[in-house]
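The values are calculated or read from the model by the stated rules, or taken from the named source; none is laboratory data. Because the structure is predicted, anything quoted here is derived from the model rather than measured. Each accessible area value is taken on the protein alone, full model and side chains, heavy atoms only, with ligands, DNA and RNA left out. Shrake-Rupley method; radii C 1.70, N 1.55, O 1.52, S 1.80 Å.
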Amino acid sequence: MEINGRTRTCGLIGNPVEHTLSPIIHNTLAERMGHNLVYVPFPVEEGRVAEAVAGARALHLLGLNVTVPYKSEVIACLREIDALAQNIGAVNTLVECGGGYKGYNTDMEGLYRAMRSEGIRLEGESVILLGAGGAARAVAYLCVVKGAERVWMLNRTLEKARAVADEVNEKTGRDVICPMRMEDHHEIPAGRYLAIQGTSVGLAPRTEEAVIEDDSFYEKVYTGFDLIYNPWETRFMRLVAAHGGRAYNGLKMLLYQGVIAYELWNGVQVSEEDAQAVYDRMRERLGQTENPTDRA
Ligand code: ATR
């Protein structure tokens, strides 16, 4: 693509941003869809988010993604905020709107679309959610908003799970999230569960760890979805697969959060064919050619 006087710029603010895969997502889509757009990472120092957003406005950037550690801090810099992002309290996408930016959380819509693309539903599902940190809290909202029947939220620290469950149940007006101490998982009633792994356990370099090891837990899991994609196949995923379940990593969530941001910025619909092409490039970048679900 030729960069010229009409090229629009999108970017990522965060710290650090060096290892991001987002440029692959947006620059591949721009190339395939014929949009005159470039996407670049912008490292932003602590305490300078408001300046960065004001600068983006002044430079008329088409949109921004926001990553760690600024997803909450950036909210104060917005003109408008989408309802789901407001409830979650985290924004990862800024879209130009009359003299400022509107904030969205495409991480969660991205997770939902990734699940749908694999044929996984949340509507009416019994879910086991591992973790009660920032990521798991957002997933808890998504589960309730999308109509999950019951979510067992397991966490090492029970108080944190309790606090998140109380907040999500109260804000959504539904009593869906049940907090539980991780080691009490055997108290979950027998059944077939979708398990979502939202802790940081298993993340490289500590790839030989899973937050639960017991066979009796994995026997209840028919599908496991790990938010981690580095390593490509986490120990949690291997345990799910070893007990006959299907296991997915978090790369499609990353893909679709980007696809949705791209759609918001450009007012377009990205086809599944284009999304798949982006996914293939992301996998290549990670040195992966085999799909973990091929073995399930
Ligand atoms: P994120 O923003 O990625 O969600 P976080 O808010 O720091 O990160 O949350 C990390 C999650 O991983 C928490 O649920 C944490 O459990 P605690 O609330 O008990 O701290 C969980 N976690 C991290 N290390 C863990 C470990 N070694 N064993 C069990 N859970 C762990």
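Aspartates and glutamates near K146 by alpha-carbon distance under 12 Å, same-chain residues fewer than 8 away left out - which ones? Straight-distance partners of K146: E109, E123, E125. Helix 106-117 and the long axis of the chain differ in direction by around 60°, with both axes built from C-alpha atoms. Of the accessible area of the chain, with the probe set at 1.4 angstrom, what percent is carbon plus sulfur? Exposed carbon and sulfur together represent 46 percent of the surface.
Of all the Cα-Cα pairs you can form in the range 109-249, what percent are over 19 Å apart? That tail contains 45 percent of the Cα-Cα pairs. Over all Cα atoms in the range 171-296, the spread is summed up by Rg and Dmax: 16.7, 48 Å.
Between 0 and 90 degrees, the angle of helix 251-266 with respect to the longest Cα principal axis of the chain falls at about 30 degrees. Measuring nothing but alpha carbons in the chain and taking Rh as the Kirkwood radius, the Rg to Rh ratio lands at 0.97.
List the aspartates and glutamates whose Cα sits under 15 Å from the Cα of K102, skipping any in the same chain fewer than 8 residues away. Reachable aspartates and glutamates: E73, E80, D82, E263. Entry for the range 15-139 at q = 0.21 Å⁻¹: log10 I(q)/I(0) = -1.36, Debye formula applied to identical alpha-carbon scatterers, no solvent contribution. Once backbone amide H atoms are built at 1.01 Å from N, W152 has V127, I128, L129, C178 as its partners under 5 Å, excluding neighbours fewer than 5 places away on the same chain.
Given the pairs K71/K171; K71/K220; K171/K252, which span a C-alpha to C-alpha distance of over 23 angstrom in this model? As for pairs spanning more than 23 Å Cα to Cα, those are K71/K220; K171/K252. Based on the reciprocal of the average 1/r between different C-alpha atoms, the Kirkwood radius for the range 221-279 equals 12.7 Å.
Taking only protein heavy atoms and a 1.4 Å probe, what accessible area per residue, in Å², does the chain have with all protein chains in place?
On the way: 13460 Å² over 296 residues.
Solvent-accessible surface per residue comes out at 45 Å².
Residues M282, M253, ordered by accessible area of protein heavy atoms at a 1.4 angstrom probe radius and largest first, appear as M253, M282.
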